[in-house]
Every structure is written in structure tokens, then in C-alpha cells.
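The values are calculated or read from the model by the stated rules, or taken from the named source; none is laboratory data. Values in this document were obtained by computation on a predicted structure and should not be read as measured data. Using ideal geometry, Cβ is built from the backbone for each residue, glycine included, and neighbour counts are taken over all protein chains shown. Ligands, DNA and RNA are stripped out before the accessible areas are found, and what is left, the full protein with its side chains, is counted by its heavy atoms. Shrake-Rupley method; radii C 1.70, N 1.55, O 1.52, S 1.80 Å.
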Amino acid sequence: NGLGQVATGPFPPSGPMNNPDITPRPYDLEAARRLLDEAGWVMRDDGYRYKDGKRFEFEYTISQGSTYSEKVAGYLTAQCAQVGIICNTRKIDWAIFAETLDNRDFDAITMAWSQSSPESDPYQLWHSSSIANRGDNFAQWSSPRADELIVRGRQTLDDTERMAIWHELHEVFYEEQPYTFLLNTPWIRFISRD
């Protein structure tokens, strides 16, 4: 409804952790095709991309009944088809969603989450130590640079210095893409005059 902002990372755009110098990547299907070609995913006559004899196909897991996830799934499937990738949507009940995350039983998945204000601790979701034992780093992202920044940021008491560290971490998210951050949506609240 025209209220969201394109996301560049996990930090809310209005918060101090967000690096304002990072801008959203442009929408560019030609660049996507070029990058896929460079990565060895070759388009064949059947309209699909292959590498080492295997077709580029993946499963996109969403929660049953989520209208947002349904919209994203439809859009993602259509966009993938334009570059020769097959995206199959798998709908699961919310009751088993957490188990699916814990077991890492997905190729791709959509999550919606919100940060604490004004600052969140990125350790639980992003530090590589949170991969083991069904930890909350279910994307299984391991980045030595991110780990170092997360630890340093948690140990830094000076706000200005710590925000500079979080801005650098934001750059690491942007470059390494452990998630594809889609959008930031505002919280809309209605308050009675009474």
C-alpha cells in the first residue's frame, strides 16, 4: 500500500544501527542473468538453467495462511522463471514451522521479525556460534568478519563507536547476503482520542 521501504539489511531504517549510506540494490534482470551465467548456470533450450547437469530448482517454504508470504511466493516464482530458475512453493502449518527451522529442513524460507528499539543485539541470530545445537542462526551463516564485529560491538560502551561498528556490520550483511532483506513496514497504530 505504498507504506513500506526497500530493506538493505536487518536494522530498521529509522534506527541508529542502520547504515544510511547503504542504498537498495537496483532491480536488474539483465544483471541477474549475467551473474548466473558467470556462476556457471547456463540457460538451455528448454528455458531452464543448468550446472553440472542439474537444473536450477529450489523449494520455497512458507507458512500456511500468511497472505504476505503467498504474495512473495507468487512474485518470487514469476521472477525466477524470467531468469530460468524453478521455484516450487511448499506451504506448511505454523505449528511445524519452528521445527522446520530447527531441523534446517528448507531451501529458502520467509521470515518476518522486528528489532528492539532503539538497538538490538545481533549475536543470537547472526553469530556463527548460534548455528550449532539448533540455534537461532538457522540460515547457518558463518562470517568471521561479522562474528568479529558482533563481539566488538557488544563490548563497546561508547554509543558513537558502537554505531560505527553496527554500520560496518550492516555493510557485511549487504555484501554477503545471508538473507535477502525485502522490506521494512511501519507499525500503524490507531489511538482513541479518549
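Points worth noting:
- Residue that is farthest from Gly47 (Cα to Cα), among those in the range 91-101 that are in contact (Cβ under 8 Å) with a residue 24 or more places away in the chain and open to solvent by 50 Å² or more (accessible area, probe 1.4 Å): Trp94
- Residue in the range 68-76 that is outside any helix (DSSP H, G or I) and open to solvent by 30 Å² or more (accessible area, probe 1.4 Å) present: no
- Scanning the range 181-194 for residues that are of a type in the set (S, T, N, Q) and over 13 Å from Phe11 (Cα atoms) gives a single hit, Ser192.
- Among the residues of the range 146-170, those identified as within 18 Å of Thr8 (Cα to Cα) and either open to solvent by 40 Å² or more (accessible area, probe 1.4 Å) or acidic (Asp, Glu) (or both) are Ala164, His167, Glu168.
- When restricted to residues that are part of a loop (DSSP other than H, G, I, E, B) and either among the charged types (D, E, K, R) or closer than 13 Å to Val83 by Cβ (or both), the range 6-58 contains 13.
- The condition (being more than 18 Å from Glu119 (Cα to Cα) and basic (Lys, Arg)) is satisfied by just one residue among Arg152, Arg162, Arg193: Arg193.
- On inspection, Leu101 fails the criterion of being among the hydrophobic types (A, V, I, L, M, F, W, C), closer than 25 Å to Arg154 by Cα and out of contact with any helix residue (DSSP H, G or I) (no Cβ under 6 Å at 6 or more places or on another chain).
- In the range 139-165, the residues that are touching a Leu at 6+ places or on another chain (Cβ under 8 Å) and closer than 25 Å to Val6 by Cα: Ala146, Leu149, Ile150, Ile165
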